[in-house]
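Heads up, the thing below is written out as structure tokens.
Any read-out appearing in this document is the output of simple, stated calculations on the displayed coordinates, not a laboratory observation. Just so it is clear, the model here is predicted, and its values are computed rather than measured. As a convention, Cβ positions derive from the backbone with ideal geometry for all residues, glycine included, and neighbour counts pool all protein chains shown.
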Amino acid sequence: MPSSPSLSRRNFLNLFGLGAASTLAGCATYSTVPRYVPSYPIAPTRLPWMDGPVSGSGVSTAELDVMYGPREDNGYLIPAVPYDQIPPQYYRQRVSNPTGEPSGTVVVDTAARYLYLVEPGGTAMRYGVGIGREGFAWQGEGVIQWRKKWPRWNPPDEMVARKPELVKYSIANGGMDPGLDNPLGARALYIFQNGQDTLYRLHGSPEWQSIGKAVSSGCVRLLNQDVIDLYDRVPNKARIVVWQ
């Protein structure tokens, strides 16, 4: 099964200063990804006779229809993902563990746009991710200290000052309610280091076009269907390693 080449890890950065923290606090912007025609070639993946794995992935169309079909979750109806418009290497799939990390560890490979959850027996669940500029602002080791289903979004005051239209979602006004348009999506996982909030998040997103790309803002975003799957698999207080 294909896997990304291993990357050498740099020295861990010290926890960034107040300026970076202020930028990261929002961890997403509101409707940041423009609608566009993908520049990569799209191979047809939904042909009736294709019972085996889709080219470039380890999963079949039948599996993809289930994984990325519409689903109800906590009263919200999550729409289907047009997975045939996403490069197949970013589909959720089980691969040989390329990270060298022990079972239960979450590894984010920001350069390759992959997130791995390492499993026992030499395998890992691999998810495609989108990385915003804040997603490159932190690297090292941490702990998924807590996590939330259908979280509120609280853009920081600095973001609201730049985008006054977001004032109704400001911290003072209680943030944005959970929902399908919320930039944090169906789940958020909050990363701490040495007992302090790094303001680095793994979160869902309705913007499927951003998967596999460097987008304008945000931390590490997954498809809503994938972040739900990750949330259900990841151990409590899981160790996380972020590579640049």
Exercise. Counting other beta carbons within 10 Å of each Cβ, put R113, R162 in order, fewest first.
Key: R162, R113
Practice problem: Starting at the first residue of the range 195-211, write each ³J(HN,Hα) from the Karplus equation 6.51 cos²θ - 1.76 cosθ + 1.60 with θ = phi - 60°, in whole Hz, x for Gly and Pro. | Solution: x, 10, 5, 7, 6, 9, 10, 9, 8, x, 7, x, 8, 4, 5, 7, 5
Quiz prompt | 5 angstrom amide H check on R92, placed H, neighbours 5+ away | solution = G128
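Assuming R0 = 30 Å, what is the FRET efficiency of D157 and S96, from their Cβ-Cβ distance, to the nearest 0.05?
Working: r = 45 Å, r/R0 = 1.51.
Working from the Cβ atoms, E equals 0.10.
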Quiz item: Which ³J(HN,Hα) values in Hz, rounded to whole numbers, follow from the phi angles of the range 57-69 under the Karplus curve 6.51 cos²θ - 1.76 cosθ + 1.60, where θ = phi - 60° and Gly and Pro get x?
Solution: 9, x, 10, 8, 5, 4, 5, 5, 4, 6, 4, 10, x
Quiz item: Residues with amide H under 5 Å of Y200's amide H, sequence separation 5 or more or different chain, H placed in the peptide plane at 1.01 Å from N; which?
Solution: I191
Quiz item: S60 to L180: FRET efficiency via 1/(1 + (r/R0)^6), r the Cβ-Cβ distance, R0 35 Å, to the nearest 0.05?
Solution: 0.80
Quiz item: What length, rounded to one decimal in nm, is gained on full extension from R233 through to K149, with 0.36 nm per residue of separation minus their alpha-carbon distance?
Solution: 28.9 nm
Quiz prompt | Dipole moment magnitude, nearest 20 debye, the range 49-148 about Cα centre, only Lys, Arg, Asp, Glu C-beta charged | solution = 220
Exercise. Return R71, R233 ranked ascending by Cβ neighbour count within 10 Å, so the fewest neighbours appear first.
Key: R233, R71
Practice problem: With a cut-off of 14 Å, note down the residues of the range 230-244 whose backbone N falls inside the zone around a label point 7 Å from the Cα of R71 toward its beta carbon. | Solution: 230-234
Exercise. Could you line up T123, T105 from fewest to most neighbouring Cβ atoms inside 10 Å?
Key: T123, T105
